[in-house]
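The values are calculated or read from the model by the stated rules, or taken from the named source; none is laboratory data. Predicted, not measured: the structure shown is a model, and the values here were computed from it. Every residue, glycine as well, gets a Cβ built from its backbone with ideal geometry; the counts of neighbours run over all protein chains shown. Heavy atoms of the whole protein, side chains included, go into the accessibility calculation; ligands, DNA and RNA do not. Shrake-Rupley method; radii C 1.70, N 1.55, O 1.52, S 1.80 Å.
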Amino acid sequence: MSLPDPVAEGVASGWRVLDGAAQTQDLQLSCDVLIIGTGAGGGMTAEVLAEAGLDVLMVEEGALRTSRDFRLLEAKAYPELYQESASRKTADKAINILQGRTVGGSTTVNWTSAFRTPAETLNWWGERYGLKSLNPQTMAPWFDLAEARLGIADWQTDPNPNNSVLERGCQALGLKHGRIRRNVRGCWNLGYCGMGCATNAKQSMLVTTIPGALQHKAGLLTRARVERLLPAADGKSLLGAEGRLLAADGHSLNGQQFSIKARHVVLAAGAIGSPAILLRSQLGGAQVGKRTFLHPVVVSGAVMPQRIEAYNGAPQTVYSDHFMHTQPLDGPLGYKLEVPPVHPLLMGVTLSGFGAGSAGLMQQLPHLQVVLALLRDGFHPDSQGGQVRLRQDGSPELDYPLNDVLWDGVRRSWLTMAELQFAAGARQVQVLHEQADLQSSWKAARAQIMQLPLKPLLARVVSAHVMGGAAMSSQPEEGVVDEYGRHWQLRNLSVIDGSVFPTSIGANPQLSIYAFALRAAHHLRDALNS
Amino acid sequence: MITRRQLIKTGMAGSVVLLAAGFLASPQPDLPAASQGHLVFLQTGDAQIIRSLAPVMLGMAGLALEDIVRGVDVAIANLLPAVQQELRQLFDLLGNRWGRRWLAGVHSPWAQAAAIDLAAFLRRWQQSPLLLLRSGYQALHALINAAWFGNPASWTALGYQQPQQIMGLLP
Ligand SMILES: Cc1cc2nc3c(=O)[nH]c(=O)nc-3n(C[C@H](O)[C@H](O)[C@H](O)COP(=O)(O)OP(=O)(O)OC[C@H]3O[C@@H](n4cnc5c(N)ncnc54)[C@H](O)[C@@H]3O)c2cc1C
Ligand code: SF4
């Protein structure tokens, strides 16, 4: 028996899919709606518009990889499926950013945790940014719709041992916690979601909305990087977009270019990606690229007496929002506790230290338990996030300075994680910092954490949640798009992806993006069909 | 001749120390920069730096060093040109006699350097007050760890294996 690959079968059955790498001539195409990027925002939008009979063309920088390419192998998955081989970094290199770069975008490699946008975040947008119609009541039907489309439901299986430690630690310390809902159908509970789901259980855009759009005659052009949008002579609308086709290695240029005419353009290249295209098109505007958020993540590792095998089992099934609510929303940064899946390559790269110390830890991999804390950036007045800018060669770079308000959250969350791991029975705990080492008691760990210097590239900081940079606003001068993602200046441009959020979400963002995308896409569909 | 103090001062002043590599690299590289046939990015001297540093970085003896060199090479080949350029500067700097001596503080050529001196170099850069040297260390750390732990040959020692219930069903 071998596993089915419905996407590859669809392509074989004649879906309109063009591989940029295979083109030997420049491409000139046209469509009703050009969608740039095929992640959470682009995928959702494509299906809604294609089902409505519009001629949709999706353009994706990454390649089309399907379940037959997913081999549970980090060394294969990261270069093929991630931005910059999973080693994208902020300008000072202090934060490692994970983002997808393949058909399905980050949803093809994400960890399937599904949270609705927290009510407090939506309410804050209403109060602070005048986005009053995005409240929990008006958004509820869009969450319902997204959940139904993607099979988002309670996860009935027991948490794996890695998640159970988080749960036990929360119980021991009296911290509020819960179980995570997941976008899966028929999940094998393997734990390799980050390398692409080989069983097609994960309801990513790759296996849901993109096939849905292709079945409704949408087109897909892969290994095609949009360089810039093409403004019309009046400066108030776009003619389409143009870019370069990539070679089979996925990064060098194949020498051919493409240009696409469209009635409407949807920018869905993700945070960092969408602002970069606006900047390259010199359609900047003062707000573009600003206030890009990351949910900066810090990490603590524990050696447990029992086997944990944090590489096996659904990656994230338990969370705690306790410390999201212990201070005001715009006070010292709140943080969400979760666990990551632990595989050898990413763990080796992420662990601090070198030599015998880190070798010793790696050799205890089956006993290693890891907790992470996601810091909620973008609410405190000093938490302004980062700014996307362009390198000389036009590639984007995020400048995200780590400042005192963030460092304060880093230290508090390290303390929480270490205490929690000991409370759950850890033998030893080490927060990931270049001057930390394994500690055998909570007291010793606390003493060490209190004196760790808070400096970039000493503390390990990572992110898999890039948000913002083309924010929604109620007034044109305050943001880039309106509450439906419509660009304030360009009549036929929408931004529909994670870059439209005016702050971070304060929860794993995929479901927020799905719901906002559905809302924006339905609105756009009605406008285009009227 | 540029002293270490001057170099560090330039770094502090915000200019990019690594840029000095271009200028330092020309006169006296440790080894001729002939590239090895099967490597895409790494040159002979770069490969030696990886070979020397990997056992110290990973804290392991008896490693398959040529696999690690190849792994690092493949990893770099998949990075953005802008990032490759920075790594080129890093390797040029380390491969240059003056850079090795005064910035890395390693007195013998990489191939002959003692483990204890290599560890001291890694520690100095890991803990350096200069962000740029810390980022140089982190680059070496990430590349060498990715090359080794991405290689299934490293897994037995970790007690790690892929889930058997599915591996047999993959194409
Ligand atoms: C490893 C990982 C784990 C995650 N786990 C979770 C989780 O468990 N739960 C959760 O809620 N969220 C998770 N996330 C985050 C979530 O998946 C993302 O927030 C979401 O997918 C972002 O959607 P998006 O549409 O903004 O961008 P993306 O999904 O990133 O899609 C953008 C697409 O645009 C393409 N693109 C960029 N530039 C161009 C260009 N110039 N031309 C053409 N195409 C371009 C990219 O290649 C990419 O495919 C995770 C992310 C990662 C990386
Ligand atoms: S855990 Fe489930 S969703 Fe994730 S890769 Fe395995 S089968 Fe797919």
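Data table
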| quantity | calculated |
| --- | --- |
| Residues being assigned to a helix (DSSP H, G or I), open to solvent by 10 Å² or more (accessible area, probe 1.4 Å), away from ligand 2 (no atom under 16 Å from the Cβ) and not aromatic (Phe, Trp, Tyr) - total across the range A:106-125 | 3 |
| Checklist (1) basic (Lys, Arg); (2) away from every other protein chain (no Cβ under 14 Å); (3) in contact with a Ser or Thr (Cβ under 7 Å, 6 or more places away or on another chain) applied to A:LYS93, failing item | (2) |
| 1 or more residues farther than 24 Å from A:LEU3 by Cα and among the hydrophobic types (A, V, I, L, M, F, W, C): qualifying strands (runs of 3 or more DSSP E) within the range A:144-248 | A:219-222, A:224-231, A:238-246 |
| Close pairs from the range A:181-192: first free of Cβ contacts under 8 Å to residues at least 40 places away in the same chain, partner more than 6 Å from ligand 2 (Cβ to nearest atom), Cβ under 7 Å, at least 6 apart | A:ARG185/A:GLY151; A:ARG185/A:GLN203; A:TRP188/B:ILE166 |
| The range A:278-337, subset away from ligand 2 (no atom under 16 Å from the Cβ) and acidic (Asp, Glu), residue nearest to the chain's Cα centre (by Cα) | A:ASP321 |
| Lone unmet requirement of (1) open to solvent by 10 Å² or more (accessible area, probe 1.4 Å); (2) away from chain B (no Cβ under 13 Å); (3) assigned to a loop (DSSP other than H, G, I, E, B) for A:THR38 | (1) |
| Residue in the range A:389-412 that is of a type in the set (Ser, Thr, Tyr), within 10 Å of another protein chain (Cβ to nearest Cβ) and under 28 Å from B:ALA119 (Cα atoms) present | no |
| Verdict on B:ALA147 being open to solvent by 60 Å² or more (accessible area, probe 1.4 Å), touching a residue at least 40 places away in the same chain (Cβ under 8 Å), within 30 Å of A:GLY196 (Cα to Cα) and more than 7 Å from every other protein chain (Cβ to nearest Cβ) | no |
| Cβ pairs under 6 Å, 6+ apart, first in the range A:131-148 and outside the structural domain of A:GLY479 (by TED's automatic domain parsing), second open to solvent by 70 Å² or more (accessible area, probe 1.4 Å) and in a loop (DSSP other than H, G, I, E, B) | A:PHE143/A:ARG116 |
| Subset of the range A:163-188 [within 14 Å of chain B (Cβ to nearest Cβ) and either in contact with a helix residue (DSSP H, G or I) (Cβ under 9 Å, 6 or more places away or on another chain) or within 15 Å of ligand 1 (Cβ to nearest atom) (or both)] | A:CYS187, A:TRP188 |
| Matching residues, the range A:365-388, being surrounded by fewer than 21 Cβ atoms within 10 Å (Cβ to Cβ) and facing chain B (nearest Cβ under 8 Å) | A:PRO366 |
| Residue tally, condition buried (at least 18 other Cβ atoms within 10 Å of the Cβ) and closer than 18 Å to A:LEU245 by Cβ, over the range A:22-35 | 4 |
| Check on A:LEU175, over 18 Å from A:TYR311 (Cα atoms), more than 8 Å from ligand 2 (Cβ to nearest atom) and buried (at least 21 other Cβ atoms within 10 Å of the Cβ) | no |
| Of all residues making up the range A:439-457, the number that are assigned to a loop (DSSP other than H, G, I, E, B) and crowded, with 20+ Cβ neighbours inside 10 Å | 1 |
| Residue within the range A:253-270 that is more than 16 Å from ligand 2 (Cβ to nearest atom), within 14 Å of chain B (Cβ to nearest Cβ) and either surrounded by fewer than 24 Cβ atoms within 10 Å (Cβ to Cβ) or under 19 Å from A:GLY37 (Cβ atoms) (or both) present | yes |
